[in-house]
Amino acid sequence: MNLELLESFGQNYPEEADGTLDCISMALTCTFNRWGTLLAVGCNDGRIVIWDFLTRGIAKIISAHIHPVCSLCWSRDGHKLVSASTDNIVSLWDVLSGDCDQRFRFPSPILKVQFHPRDQNRVLVCPMKSAPVMLTLSDSKHVVLPVDDDSDLNVVASFDRRGEYIYTGNAKGKILVLKTDHQELVASFRVTTGTSNTTAIKSIEFARKGSCFLINTADRIIRVYDGREILTCGRDGEPEPMQKLQDLVNRTPWKKCCFSGDGEYIVAGSARQHALYIWEKSIGNLVKILHGTRGELLLDVAWHPVRPIIASISSGVVSIWAQNQVENWSAFAPDFKELDENVEYEERESEFDIEDEDKSEPEQTGADAAEDEEVDVTSVDPIAAFCSSDEELEDAKALLYLPIAPEVEDPEENPYGPPPDTVQISIAEDGTGSEKKRQAMSDGSQPLKKKPKTTTVELQGVPVDEVHPLLGVKGDGKSKKKQAGRPKGSKGKERDSPFKPKIYKGDRGLPLEGAVKGKVQAELGQPLTEAGGFMGQEVSSLPLLLKSALL
């Protein structure tokens with residue numbers, strides 16, 4: 001794919017809906033990797049669905065959490081993914097294997113997680129009613145960032161574009177700029193609403209290119225600042241925003257805001273309806289309003305890092321917004337002609353000759369002499385859109401795509417292995433040591449993976465009974481929580497491994513919903529054991545009809 005050919009001469013923002021991505025379960029949050037080749041979607045049942053964005057197909061599903069996923073972030077090289085769920089757990093995932101590397105348990109709900117843009121060993125976490133926390137993954141330690149007012153702990157935070165500074169904002173409109181390495185206060189200012197009145201900071205977002213960042217505040221105004229000016233003003237400075245973006249007609253509050261991949265446009269999602277407002281950053285004028293389905297509420301918005309494409313989430317579905325690409329084949333070459341019907345081609349006499357006998361050899365000068373020069377066709381130039389301004393080369397270890405295993409409906413049993421007789425003899429010789437492996441293989445379950453290390457992060461003075469905003473207010477938090485997570489029954493587990501037998505505990509070998517199994521048990525007159533078999537008999541050795549009834 002040549003990205004330079006995708007650059008259009010006109011506007012560089014999406015204009016219309018370009019389909020949806022159905023994640024099977026309800027989608028809550030989404031984020032692109034650094035190249036825009038993969039889209040990670042956090043779902044209501046705790047799963048993370050990774051889409052191959054070029055083919056618009058599901059590349060991987062990670063059964064990450066039990067409760068809803070509320071925040072996601074890719075590492076710089078795309079190999080790691082950090083996620084947060086509404087049960088106060090932050091997890092680190094290996095994208096290729098789908099394994100969990102580490103877990104961190106917090107006392108309060110997590111509003112946002114963010115990888116350091118350059119250092120994959122550090123993660124910024126914004127817990128609810130607490131100061132932001134920076135995790136160090138190598139030693140599982142954490143640092144609580146300093147805040148302006150200890151009584152006000154409704155703090156949002158974000159790394160800047162290169163991770164040199166951390167910007168924090170509180171409910172009183174105070175922005176602090178901290179040095180990432182030592183957490184020293186470098187600059188600060190207060191966001192005011194014309195007079196001395198302050199407004200709460202809802203989010204801080206940085207552009208992928210340039211030094212600009214935006215602040216979404218409770219007064220329904222998006223303010224765009226230049227990071228260099230903020231650092232120049234120092235502590236208690238009074239910088240003026242480059243732009244103030246708002247909906248003057250409807251006074252729309254903003255749910256999520258972000259920059260375009262080139263930093264030239266800003267998109268904001270309405271908190272009242274599924275509507276996306278797009279402004280041009282340099283001028284500050286509203287260039288487009290994209291309307292989704294009426295009556296739906298917007299949950300998240302993400303702009304593609306390279307192309308003019310926006311992904312938005314409403315009612316659990318990911319909507320894609322893109323430009324209307326009109327193919328004009330007649331513009332590919334100046335002498336190209338469109339034909340209504342086939343025309344017989346008249347071949348010239350010397351057109352396909354190896355050497356033209358009648359052609360006289362002129363002297364090689366200028367362009368003709370340049371044709372004899374050797375052309376380098378082996379070295380690959382780095383794509384400018386994939387490189388930062390301070391980098392010349394692309395990341396060679398980057399994970400751009402995920403391999404997708406083909407789905408085989410009826411796989412042959414060991415097509416290239418030894419005959420079944422020799423396999424049975426070898427199993428008998430192995431004895432009891434391989435009995436557990438064989439039983440695990442017959443059950444359809446994978447071998448046990450290494451349990452990830454779980455670290456409990458203790459924060460002082462943080463209320464424990466807080467409920468995540470996705471789950472509702474405190475009063476009805478319990479009822480909402482039951483609906484939001486993965487069901488307590490076997491519904492979620494059956495999706496993960498449909499051939500895994502249920503486990504029965506205690507003397508009752510019959511669950512409440514197992515009417516069919518009770519009938520089988522009564523006919524055979526034998527109780528079901530905990531392993532799901534009949535008194536030491538394996539499930540795999542039962543007749544096929546009986547096994548399907550049990551499963």
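The values are calculated or read from the model by the stated rules, or taken from the named source; none is laboratory data. The shown structure was predicted, so the numbers you read here are calculated from the model rather than taken from an experiment. No Cβ is skipped: glycine too gets one built from the backbone with ideal geometry, and neighbour counts run over all protein chains shown. With ligands, DNA and RNA removed, areas are computed over all heavy atoms of the protein, side chains included. Shrake-Rupley method; radii C 1.70, N 1.55, O 1.52, S 1.80 Å.
Would you mind stating whether residue 186 is in contact with a strand residue (DSSP E or B) (Cβ under 8 Å, 6 or more places away or on another chain), assigned to a strand (DSSP E or B) and open to solvent by 10 Å² or more (accessible area, probe 1.4 Å)? So residue 186 fits the description; yes. Over 25 Å from residue 127 (Cβ atoms) and within 31 Å of the chain's Cα centre (by Cα), is that true of residue 207? When the stated conditions are applied, residue 207 passes them. Of the residues making up segment 156-165, not one is surrounded by fewer than 17 Cβ atoms within 10 Å (Cβ to Cβ) and either free of Cβ contacts under 8 Å to residues at least 12 places away in the same chain or assigned to a strand (DSSP E or B) (or both).
Within segment 156-199, the residues that satisfy the criterion of being β-branched (Val, Ile, Thr) and over 19 Å from residue 122 (Cα atoms) are 175, 186, 191, 192, 193, 195, 198, 199. Restricting attention to segment 227-241, the residues being touching a Pro at 6+ places or on another chain (Cβ under 8 Å) and surrounded by fewer than 21 Cβ atoms within 10 Å (Cβ to Cβ) number 2.
Answer yes if at least one residue in segment 315-327 is open to solvent by 20 Å² or more (accessible area, probe 1.4 Å), more than 27 Å from residue 38 (Cβ to Cβ) and more than 15 Å from the chain's Cα centre (by Cα), and no otherwise. The answer is yes; a qualifying residue exists. Would you say residue 244 is of a type in the set (Lys, Arg) and loosely packed, with under 15 Cβ neighbours inside 10 Å? When the stated conditions are applied, residue 244 passes them.
Quick check on my filter: what residues within segment 243-277 are within 19 Å of residue 30 (Cα to Cα) and aliphatic (A, V, I, L, M)?
Result: 266, 267, 268, 271, 275, 276.
The residue of segment 33-58 that is modelled with the lowest pLDDT, among those that are part of a loop (DSSP other than H, G, I, E, B) and of a type in the set (Val, Ile, Thr), is 55.
Yes/no per residue for (1) among the acidic types (Asp, Glu); (2) touching a residue at least 60 places away in the same chain (Cβ under 8 Å); (3) touching a Ser or Thr at 6+ places or on another chain (Cβ under 8 Å):
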{"site": "62", "(1), (2), (3)": "no, no, no"}
{"site": "66", "(1), (2), (3)": "no, yes, yes"}
{"site": "73", "(1), (2), (3)": "no, no, yes"}
{"site": "79", "(1), (2), (3)": "no, yes, no"}
{"site": "84", "(1), (2), (3)": "no, no, yes"}
{"site": "89", "(1), (2), (3)": "no, no, no"}
{"site": "95", "(1), (2), (3)": "no, yes, no"}
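When the test is whether a residue is surrounded by fewer than 17 Cβ atoms within 10 Å (Cβ to Cβ) and not charged (D, E, K, R), residue 194 passes it. In the set (1) among the hydrophobic types (A, V, I, L, M, F, W, C); (2) out of contact with any Gly (no Cβ under 6 Å at 6 or more places or on another chain); (3) within 19 Å of residue 218 (Cβ to Cβ), residue 290 fails one condition alone, (3).
Among the residues of segment 293-316, the ones that are under 20 Å from residue 217 (Cα atoms) and of a type in the set (Gly, Ala, Ser) come to 1 in all. How many residues does segment 270-311 hold that are in a loop (DSSP other than H, G, I, E, B) and either of a type outside the set (Val, Ile, Thr) or open to solvent by 40 Å² or more (accessible area, probe 1.4 Å) (or both)? Qualifying residue count for the region: 19.
Can you name the residue in segment 11-32 that is hydrophobic (A, V, I, L, M, F, W, C) and open to solvent by 30 Å² or more (accessible area, probe 1.4 Å) and is also modelled with the lowest pLDDT among such residues?
Among residues in segment 11-32 that are hydrophobic (A, V, I, L, M, F, W, C) and open to solvent by 30 Å² or more (accessible area, probe 1.4 Å), the one modelled with the lowest pLDDT is 24.
Note on segment 43-81: residues that are open to solvent by 40 Å² or more (accessible area, probe 1.4 Å), more than 12 Å from the chain's Cα centre (by Cα) and of a type in the set (A, V, I, L, M, F, W, C) amount to 3. Of the residues in segment 301-317, none is at pLDDT below 80, of a type in the set (Gly, Ala, Ser) and out of contact with any helix residue (DSSP H, G or I) (no Cβ under 6 Å at 6 or more places or on another chain).
Taking segment 166-183 as the region of interest, how many residues are within 14 Å of residue 237 (Cα to Cα) and not in a strand (DSSP E or B)? Explain how you work it out, then say what you get.
Of segment 166-183, the ones within 14 Å of residue 237 (Cα to Cα) are 173-177.
Restricting the remaining residues to those that are not in a strand (DSSP E or B) gives 173.
Number of matching residues: 1.
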